[in-house]
Amino acid sequence: MSITRRSLMIGAAAVPLVSTIRYAGAQTAEFNYKYANNLPLSHPMNTRAQEAVDAIREETGGRVAIQIFPNNQLGADTDMLSQVRSGGVEFFTLSPLILSTLVANASISGIGFAFPSYDQVWPAMDGDLGAYVRGEIEKANLVVMDKIWDNGFRQITSSVGPINTAEDLKGFKIRVPVSPLWTSMFTAFESAPASINFAEVYSALQTGIVDGQENPLAIISTAKLYEVQKYCSMTNHMWDGFWFLANKRAWEAMPEDLREVVAKHINEAAVNERADVADLNATLMDDLKSNGMEINEPQADSFRQKLADGGFYAEWKEKYGEDAWAILEKAVGTKLG
Ligand code: X2X
């Protein structure tokens, strides 16, 4: 049976309209780029990123088509960092602390208990501290967008019991992302940190390889970690974000006018995502309780004191250097350690 153009068009009409438009857009695009991230589709990062790529395609007249690959679809964080460096993907969002495996001082924004609240986070990350870190990232031959995306203040979850004081962290088998600072912090707590990419966290908790992990509520919720964790302790032990990185060759292949459009919409999306995450993190405690989690709110004093007594702040001040540490202390408005 010959497939006439008419029957093909009728068949095509059955395909959801948006994918047909998107497919057609990709066909005519001069720049077909891939953006990878490690978060579930339902996380605000992916909602806002989709808005941004749609606006970019619209404003560039289809010349720039960016396809989103969420939830570690193209590989785990450490693989994807190599991919964005090589050009295997053109865009990738990554925590400053995991990025520090390449850009050592990028993790400075994740120092334990540095930010008292969001009141200090955005002026710092949109100000001198963010500018300093972006400068360090650019030295590694990566392009980085101006506005960091929000991950949130991190909380400790456990399958064995609530964390009330630093004492409860002794010997605690906790998963941490692949980063020297995370390992250092939980070693200072005398825990047993295991470096595992986020792609493997759910299964590591489910099989008991580790007893706990730490993440903001928006991730505990969207990654359904409440299914494999009973307790959530609101330690707020660090603030974390995601730098939106671009492969330099791919970025510079676009003419200046297209780069401006791409940067504009990605940075707008970052600011909108920050508001979404803050709203989510403010409302998710009840949601997690309704999903069976027991939530406690420990005081920060014993944790902060344990880090100071263990030389954690002195160690990282030495590693980052006096100048960087001074930028951090000015940004957070307090002496650390
Ligand atoms: O790996 C994690 O825990 C996550 C998802 O928060 C980061 O990307 C740092």
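Things worth noting here:
- Average projection area in nm² (convex hull over Cα atoms of segment 192-269, one quarter of hull surface): 7.4
- Carbon plus sulfur fraction of accessible area for segment 48-119, probe 1.4 Å, in percent: 41
- Between amide H atoms placed 1.01 Å from N, distances below 5 Å from Asp240 occur with Asn151, Gly152, Phe153, Arg154, all of them 5 or more places distant or on a separate chain.
- Taking the chain as a Gaussian network of alpha-carbon nodes connected by springs under 10 Å, the highest mean-square fluctuation of the residues Thr187, Thr28, Thr93 belongs to Thr28.
- Accessible area of Glu136 in the full protein assembly, 1.4 Å probe (Å², nearest 10): 40
- Net lengthening on full extension, Gln67/Ser117 (0.36 nm per residue, minus Cα-Cα): 14.6 nm
- The Cα trace of segment 214-312 gives Rg and Dmax of 18.9, 53 Å, the first to one decimal, the second as a whole number.
- Relative contact order (percent, whole number), the chain, Cα cutoff 8 Å, 6+ residue spacing: 24
- Reducing segment 218-255 and segment 192-214 to their Cα centroids gives an inter-centroid distance of 16 Å.
- R0 of 56 Å, Cβ-Cβ distance Lys248-Glu167: FRET efficiency to nearest 0.05: 0.75
- Of Lys173/Lys224; Lys306/Lys335; Lys139/Lys248; Lys147/Lys306; Lys34/Lys319, those spanning more than 23 Å from alpha-carbon to alpha-carbon: Lys147/Lys306; Lys34/Lys319
- Only Lys, Arg (+1) and Asp, Glu (-1) charged, at Cβ; the chain dipole about Cα centre in debye: 960
- Kirkwood hydrodynamic radius over Cα pairs of the chain, then Stokes diffusion coefficient at 25 °C and 0.890 mPa s, in µm²/s: 117
- Trypsin sites (Lys or Arg not before Pro) restricted to DSSP loop in segment 79-172 with at most 12 other C-beta within 10 Å: Lys170
- Here the chain carries DSSP beta bridges of which approximately 55% are antiparallel, counting only pairs with both residues inside.
- Among the trypsin sites (Lys or Arg not before Pro) in segment 276-322, none is located in a DSSP loop while being surrounded by at most 13 other Cβ atoms within 10 Å of its own Cβ.
The values are calculated or read from the model by the stated rules, or taken from the named source; none is laboratory data. Because the structure is a prediction, the values reported are computed rather than measured. Positions of Cβ are generated from backbone atoms using ideal geometry, with glycine treated the same way; all protein chains shown enter the neighbour counts. The protein model used for the area step is the full one, side chains on, heavy atoms only, and it has no ligands, DNA or RNA in it. Shrake-Rupley method; radii C 1.70, N 1.55, O 1.52, S 1.80 Å.
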